[in-house]
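Reading through the C-alpha cells given below for one structure.
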Amino acid sequence: MEIVDRLTQISPSATLASAEKAARLVAQGLDVIDLGQGLPDFSTPKNICNAGITAISEGHTRYTANSGLPELRDAIAERYGTLYGVEYDRSETIITCGGKHALYSAFQALVEDGDEVIIPTPYWVSFPAQVRIAGGQPVFVGTREEDDFIVNAQDIDDACSEKTKAIILNTPSNPSGAVIPSSVLKDIGRIAIDRDLVIVVDETYDQFLYEGATHSSPLGLGSEAKPVTLSIGSCSKTWAMTGWRIGWATGPRKLIGSMSRLQSHLTSNPTSISQWAAVEALTGDQSAVADMLAAFSERREVVLKQLRSMPGVTCGQPMGSFYAFPNVSGTFNNRITTSDDLATYLIDEAQVVTVPGSAFGRDGFLRVSFAVEINRLQEALHRISEALSAIVV
Ligand code: GLU
C-alpha cells in the first residue's frame, strides 16, 4: 500500500501530540502538568450545557441543514454586523466541526496545486499543514520579537507573487498572543483588494484581550473589505466548548457556497446537539466569558512575572489569547540546542508539558498555556524554574 505524498509529508499536529503525551504520562501515574494544548480548564457554562440537554430531550437529534442551523447561522451573521458594521446574511456563513474544519475547507476552496499562501510566523501549527494538504505552498513572513510579533504589512506585500492566493492572519495570535492593530489590518486589507487575494482571518481568541487591547479585522475598512475577507471563529475557546466541535466561517457567498458543497460530501452538518448549544452560547448570558477572561488575566500576570524571573528566559507581552511565548534560547547549552530538546528536558525533569516553538515555525521559543488552574500553573512554573536553574550557569 502506498500513502499519497501530501499526507506522508504531514507530521501529526504538535499541539495534539503534546496533549497525547501528557495523557500517556498521567496514565503511567506521573504527576504531569500540561501547559501544552490550548484547552480552557473551565467547564462549558451551565446554560450552554442545558441547551444541549434540551436539544436531546426535545428530539433535535437528526441531520440539520448541511451548512448549519438557520438560527445559528443568523446569530453568526448578526455578530459580524454588530462587531464591524458590515452586513452579512445567512448564506454568507457556514457552521463547521470546529474552526479547524472551516480553515481546512477554505484552503480546499482557494488553493490550486502550486498556489502560494502567505503565513506570518510564528503560526498556529495547522496553517501550513492545511495549505500543503490542499496542494499549496506556504510562504512564511517573519515577525520580530521586538515588534511583539506584529506582522508588517509591507513584508506581506513584498512576499506576494503571481501565485499568491491568500494571506492567513491570526489575531490574537496562537502562539504569540500578538494582537494586530486596526491600522495594520486595514493596510493588509488594501493589499488584498489591490491584488485580488483572500485574507483568511482566524479570530478564535478575539474575546481574550488584556490591558485594554482591542480586537480588529480587515473588515474595519468597511464593506469594501467584505469580498476579500473570510472570518473564522470557534466556540471552543470563548465558551470552553472544545469537545463540542463547533466553528464557523463568514465571508463572500461564492467562497462559503463552495465550502458548503465540500462539506456536503465530507461531514454533512456538524452535530445537531452541539449546534443548539452554540445558539445559546452566542445569544445567551455572556457572564461566564467575562469570568474566564478575569481568571486568564490574573494567570497571565503570574506567568509573565515568573517566566521573566527564570534564568535564560525573556518574555514579551501577549496582549491576547491565553499563551505566553517566551524566548528560551538563553537556556541552550551543548546538550539542549533546540526548543524541542528543552521541551523534552522539561517533561523529563519537571514533568511539565509545553509545546516547542519549532512547531510554530520559531525555534528558540516555547509556548506556555495559562488556561490552567492557578495552583497547578504556579507549581508548573516553579518546577520549570528549578529545572532551568540546573542547566543555566
Ligand atoms: N488550538 C489549540 C492549540 O493550539 C487546540 C489544539 C489544536 O487544535 O491544535 O493547542
Between 0 and 90°, nearest 10: helix 272-283 axis offset from the chain longest Cα axis: 80
Calculate one ³J(HN,Hα) per residue across the range 119-130 by plugging θ = phi - 60° into the Karplus curve 6.51 cos²θ - 1.76 cosθ + 1.60, and present them in order as whole Hz with x for glycine and proline. 10, x, 10, x, 10, 5, 3, 7, 4, x, 4, 5
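Full extension from Glu112 to Asn333: what is 0.36 nm times the residue separation minus their Cα-Cα distance, to one decimal in nm? Intermediate values should be presented prior to the final figure.
Working: separation 221, 0.36 × 221 = 79.56 nm, distance 4.34 nm.
Computed gain between Glu112 and Asn333 is 75.2 nm.
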Spin-label proximity, Arg6 to the range 97-122 - amide N less than 19 Å from point 7 Å beyond Cα toward beta carbon: 100-119
Principal-axis tilt of helix 339-350 within the chain, Cα atoms, nearest 10 degrees: 60
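Beyond 24 Å, how much of the Cα-Cα pair distribution for the range 211-366 remains, as a whole percent?
Working: 6765 of 12090 pairs.
Summing the P(r) tail past 24 Å for the range 211-366 gives 56 percent.
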Say each of Ser182 and Asn50 gets a label point 7 Å from the Cα, pointing the same way as Cα to Cβ; how far apart are those two points in nm? 3.7
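Net charge within 10 Å of Pro227 by Cβ-Cβ distance, Lys/Arg positive one each and Asp/Glu negative one each, not counting Pro227 itself? Please list the in-between numbers first.
Working: positive: Lys226, Arg253, Lys254; negative: Asp196, Glu224.
Taking every Cβ under 10 Å from that of Pro227, the sum is +1.
Would you tally the net charge around Ala75, using a Cβ to Cβ cut-off of less than 12 Å, leaving Ala75 out, and scoring K and R as +1, D and E as -1?
Working: positive: Arg73, Arg79, Arg90; negative: Glu71, Asp74, Glu78, Glu280.
Neighbour charge sum, excluding Ala75 itself: -1.
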Amide proton proximity set for Asn170, modelled H, under 5 Å, gap of 5+: Asp202
For the range 58-172, whose charge dipole is built from +1 on Lys and Arg Cβ atoms and -1 on Asp and Glu Cβ atoms, the candidate among Ala77, Ile95, Ile118 with its Cα farthest towards the positive end is Ile95
How many angstrom lie between the C-alpha centres of the range 354-381 and the range 278-346? 6
Please pull out the direction-averaged projected area of the range 316-393, using the convex hull of its alpha-carbon atoms, in nm² to one decimal place. 5.1
To make sure I understand the rule: partners must be lysines, Cα under 21 Å from the Cα of Lys254, and not fewer than 8 residues away in the same chain. Which ones qualify? Lys100, Lys163, Lys165, Lys226
As a test of the formula, what do you get for the chain when each DSSP H run with n ≥ 4 contributes -39,500 (n - 2.57) and the sum is divided by the residue count, at 222 nm and rounded to the nearest 500 deg cm²/dmol? -13000 deg cm²/dmol
Farthest towards the positive end of the dipole of the range 198-293, among Met292, Met241, Gln207 and with Cβ unit charges of +1 on Lys and Arg and -1 on Asp and Glu, lies the Cα of Met241
FRET efficiency for Glu71 and Arg144 from the Cβ-Cβ distance with R0 = 41 Å, rounded to 0.05, comes out at 0.40
Hey, rough spin-label estimate for Thr242 and Gln154, points 7 angstrom out along Cα→Cβ, what's it come to in nanometres? 4.0
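I want the antiparallel fraction of DSSP beta bridges within the range 74-200, as a percent rounded to 5. Each step should come with its number before you reach the end.
On the way: 0 of 12 bridges.
About 0 percent, rounded to the nearest 5.
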Modelled FRET efficiency - R0 35 Å, Asp194 with Glu349, Cβ distances, 0.05 increments: 0.10
Taking the Cα centre of the range 103-214 as origin, sum charge times position over the Cβ atoms of Lys and Arg (+1) and Asp and Glu (-1), and report the length of that vector in debye to the nearest 20. 240
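How much of the DSSP bridge set in the chain is antiparallel, in percent, rounded to the nearest 5? Let's see the in-between values first.
Working: 15 of 35 bridges.
The answer is about 45 percent antiparallel.
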extent check for the range 16-128: Cα max minus min per principal axis, descending, whole Å, gives 51, 49, 28
With θ taken as phi - 60° and the coefficients 6.51, -1.76 and 1.60, list the Karplus ³J(HN,Hα) couplings across the range 143-153 in order, rounded to whole Hz; mark glycine and proline as x. 10, 9, 4, 5, 9, 6, 6, 8, 5, 9, 4
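Run the dipole for the chain about the Cα centre, Lys and Arg Cβ at +1, Asp and Glu Cβ at -1, nothing else charged, and hand back the magnitude in debye, nearest 20. Walk me through the numbers on the way to the answer.
Values: 31 positive and 46 negative charges, 117 e Å.
So the dipole magnitude of the chain works out to roughly 560 debye.
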Grab the beta carbon distance between Ser309 and Ala23, set R0 = 41 Å, and tell me the FRET efficiency rounded to 0.05. 0.85
In whole angstrom, largest first, the equivalent ellipsoid semi-axes that the Cα gyration tensor gives for the chain are 33, 25, 21
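Which ordering of Asp34, Asp41 is given by a fewest-first count of other beta-carbon atoms within 10 Å?
Asp41, Asp34
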So how tilted is helix 374-389 from the main axis of the chain? Cα-based, degrees 0 to 90, rounded to 10. 50
Going by how many other Cβ atoms sit within 10 Å of their own, how do Ile119, Ile191 line up, fewest first? Ile191, Ile119
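Values in this text are rule-based calculations from the coordinates and carry no lab data. Fair warning: this is a prediction, and the values are worked out from it, not measured in the lab. Cβ atoms come from the backbone with ideal geometry, glycine included; neighbour counts cover every protein chain shown.
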